[in-house]
Each structure stands twice: as C-alpha cells, then as structure tokens.
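Q: Mind having a look at this structure? Questions to follow.
Read-outs throughout are calculated quantities, based only on the coordinates presented, and are distinct from any laboratory measurement. What you are looking at is a predicted structure, and each value in this text was computed from that prediction instead of being measured. Neighbour counts are summed over all protein chains in view; Cβ atoms, including those assigned to glycine, are modelled from backbone coordinates with ideal geometry.
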Amino acid sequence: MTDDDHSLNDSPPSSPSAPHDRDPGHRSCDTLWTTRPETAGDIAAVHAVNAAAFPTEAEADLVDALREDPSAWLPGLSYVAEAPDGHPEYYPKFGFVPASRYGIRPGFEVPDEAMMALVLDGSAAVAQGTIEYPAAFGV
C-alpha cells in the first residue's frame, strides 16, 4: 500500500511507553511503519493480509462480514499499517498487551497472546467483562 500524503511521514516519533499518545500517521522511532485510518481502497488489501495470516480465509471473510454489518462495525476505528513486510511483534510494539490484563475476555477459549488490547486514553477506567460478539462471528 502507498500513500501520497507526505504529512504522514513528518510525524515526530513518540515514546513507546505512551501508547495512548499515538495518532494516525505515527512512525515509531524503531520501525518504518505508518499507521492511518482504513479507506475503501484498502479493503481488498486488508482481506488479503488477513487471509495470508490465518490457515483459512475464514477470518478475512469475518472481517468483511463485520464491515458490512452497521451494528458491528465502527467506522473510523479500523486502521492499516503500511510496511514493506508484516511482523509478529507489531501490536506489542505499540503498547498492546493481552486483554486479560484489563479483565477483558471472550466467551470462548482463546490463547492469551491472541486477544490484545490497548488503552486509547486514560480519561476513564477500562471496561471489564466478557466480550459479546456480533452475529457474524457465529459464536
């Protein structure tokens, strides 16, 4: 993916210890990834990345089904990272931790490292409990 908006590349790096200070276009000082809100032009690439990341296309199809469900999708909260390759430590580098640390759990068994969370700002307590999934998940 490419982006002609060079202002994304001019963002100053911020400290890895302050993940809630991140903003679209942030470039970490230890990586060359640019993050930005997903656009309609990214949908096919997002599907391809999700399909490549899992043994089947079920997860990629799930994301597409959620995107089509207005009761499940929150416009503006889907971000993409632009990078020359993908990387297994992507989420922790930006401050994501296992969601269980915040008392957040799915209603089924999931490896702790597969359910990540990030506090976007510290203005309110993090909600705790069991996640209720939209119908597209089939759980």
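Q: Could you give the nm distance between label points at Ala135 and Ala44, where each point is 7 Å from its Cα heading toward the beta carbon?
A: Once both label points are built, they end up 3.0 nm from each other.
Q: Further question on the same structure: Please label the shape of the stretch 68-139 as rounded, prolate or oblate, based on the square roots a ≥ b ≥ c of the eigenvalues of the alpha-carbon gyration tensor (a/c under 1.5 means rounded; beyond that, a/b larger than b/c means prolate, else oblate).
A: rounded
Q: So how far apart, in nm, are the two label points at Leu77 and Val119 if each is 7 Å from Cα heading toward Cβ?
A: For Leu77 paired with Val119, the spin-label model returns 1.8 nm.
Q: Still on this structure: Filter the chymotrypsin sites (Phe, Trp or Tyr not before Pro) in the stretch 43-123 down to the DSSP loop ones having no more than 16 other Cβ atoms within 10 Å, then list what survives.
A: Trp73, Phe96, Phe108
Q: Here's another thing I want to ask about it. Given 0.36 nm per residue, what is the gain on full extension from Phe96 to Thr56 after removing their alpha carbon distance, in nm?
A: Gain in length upon complete extension: 11.9 nm.
Q: What are the GluC sites (Glu not before Pro) within the stretch 29-129 that DSSP puts in a loop, where the Cβ has at most 11 other Cβ atoms within 10 Å?
A: Counting only loop positions with at most 11 other Cβ atoms within 10 Å, the GluC sites (Glu not before Pro) in the stretch 29-129 are Glu89, Glu109.
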